[in-house]
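Novice: After the structure tokens below, expect a handful of questions from me.
The values are calculated or read from the model by the stated rules, or taken from the named source; none is laboratory data. Keep in mind the model is a prediction, meaning the values are calculated, not measured. Glycine gets a Cβ as well: all are built from the backbone with ideal geometry, and neighbour counts include every protein chain shown.
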Amino acid sequence: MTDGETGYHYHLMRRAIELIDSEDGREMTLEDIAGQMHMSPAHFQRLFSRWAGVSPKRFQQWLTLDHAKSLLQTRHTMLETADAVGLSGSGRLHDLFVRWEAMSPGEYARAGDGLEIAWDWFDSPFGPALLMGTDRGLCGIGFSAEMGADVTMDDLRARWPNARFVQDKGALQPHADAAFPANGASTAKLFLIGAPFQIKVWEALLSIPTGHVTTYSDIARVIGRPKAVRAVGTAVGRNPVSWLIPCHRALRKSGGLGGYHWGLPVKRAMLAWEAAETA
């Protein structure tokens, strides 16, 4: 794909999600949806399939309002049994490829003082992505499709207000290639900057396999704080490395999507995209 194409495809998918969720959406044919997108069926199917890897007809099942509930019924990962589905090693890393280290509590308390953080914008399957990183790994990924570029930038910069921020696309390009690989699982290296409780929550998120989900209460239980569901939800929302620390895989026990820091349309697109890839 050329630069910008995957971001365009996300916006196409966002419109398709809204359309399929409409009252008559489930009854729509490929021709109906393509017509609403002001495209020919062949052109729409070609673009759609390049984004999702499957045809619109096959993908449509993942875009219903009941998708989160069906995931909880069929792909609900109890975090304490994550080893049984093939996860092991330090941090119980999802997909066995993402590596991470955490900033010490003392470093975190200094709010980034003495830290140089490179940043720049990159194209992603879910719209424009703001990446931030240090020589120790990626420390931030934000998505601006719903929030806007300025809000996304201000949000991530405010996490480490005393750091020095430098725009450096070249330094971050290898991280971007690892975060959004053309094929295969991510091989990214992460540098987690957060409070100790947040780090525990993010570590639990890293143990959720691609295409699976868990609940906020499951996370609270596995970190030894079963009554802290609300605090867990807050920590999930404060995850600075979205997508790679898969906070989009955390749902409510009811099957509701819950919140998503960068906008629910992005969360739904991520869940649908992963479900189609692992179907």
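Novice: For the stretch 106-140, what are the residues that are of a type in the set (D, E, K, R), under 18 Å from Ala158 (Cβ atoms) and not in a strand (DSSP E or B)?
Specialist: Hits for the stretch 106-140 are Glu107, Arg110, Asp113.
Novice: Also, quick follow-up: Filter the stretch 215-250 down to the residues that are of a type in the set (Val, Ile, Thr) and touching a helix residue (DSSP H, G or I) at 6+ places or on another chain (Cβ under 6 Å), then identify the one that is surrounded by the most Cβ atoms within 10 Å (Cβ to Cβ). If you could, list the steps in order and put the result at the bottom.
Specialist: Applying the first criterion (of a type in the set (Val, Ile, Thr)) to the stretch 215-250 yields 215, 219, 222-223, 229, 232, 234, 236, 241, 245.
Still in the running and touching a helix residue (DSSP H, G or I) at 6+ places or on another chain (Cβ under 6 Å): 219, 222-223, 229, 232, 236, 245.
Working: Ile219: 28, Val222: 21, Ile223: 18, Val229: 18, Val232: 26, Val236: 25, Ile245: 26.
Filtering the stretch 215-250 for residues that are of a type in the set (Val, Ile, Thr) and touching a helix residue (DSSP H, G or I) at 6+ places or on another chain (Cβ under 6 Å), the one surrounded by the most Cβ atoms within 10 Å (Cβ to Cβ) comes out as Ile219.
Novice: Going residue by residue through the stretch 205-212, is there one that turns out to be surrounded by 21 or more Cβ atoms within 10 Å (Cβ to Cβ), in the same structural domain as Ile117 (by TED's automatic domain parsing) and part of a helix (DSSP H, G or I)?
Specialist: Within the stretch 205-212, one or more residues are surrounded by 21 or more Cβ atoms within 10 Å (Cβ to Cβ), in the same structural domain as Ile117 (by TED's automatic domain parsing) and part of a helix (DSSP H, G or I).
Novice: Follow-up question, since we're still on this one. Checking the condition within 13 Å of the chain's Cα centre (by Cα) and at pLDDT below 90, which residue from Gly259, Gly255 passes? Working first, answer last.
Specialist: Details: Gly255 fails: within 13 Å of the chain's Cα centre (by Cα).
After applying the criteria, what remains is Gly259.
Novice: Now a separate question. Within the stretch 150-202, take every residue that is among the basic types (Lys, Arg) and part of a helix (DSSP H, G or I) and give me the one that is modelled with the lowest pLDDT.
Specialist: Lys200
Novice: Hey, another quick one. Could we say that His9 is modelled with pLDDT under 80 and part of a helix (DSSP H, G or I) here?
Specialist: Details: modelled with pLDDT under 80: yes; part of a helix (DSSP H, G or I): yes.
In short, yes.
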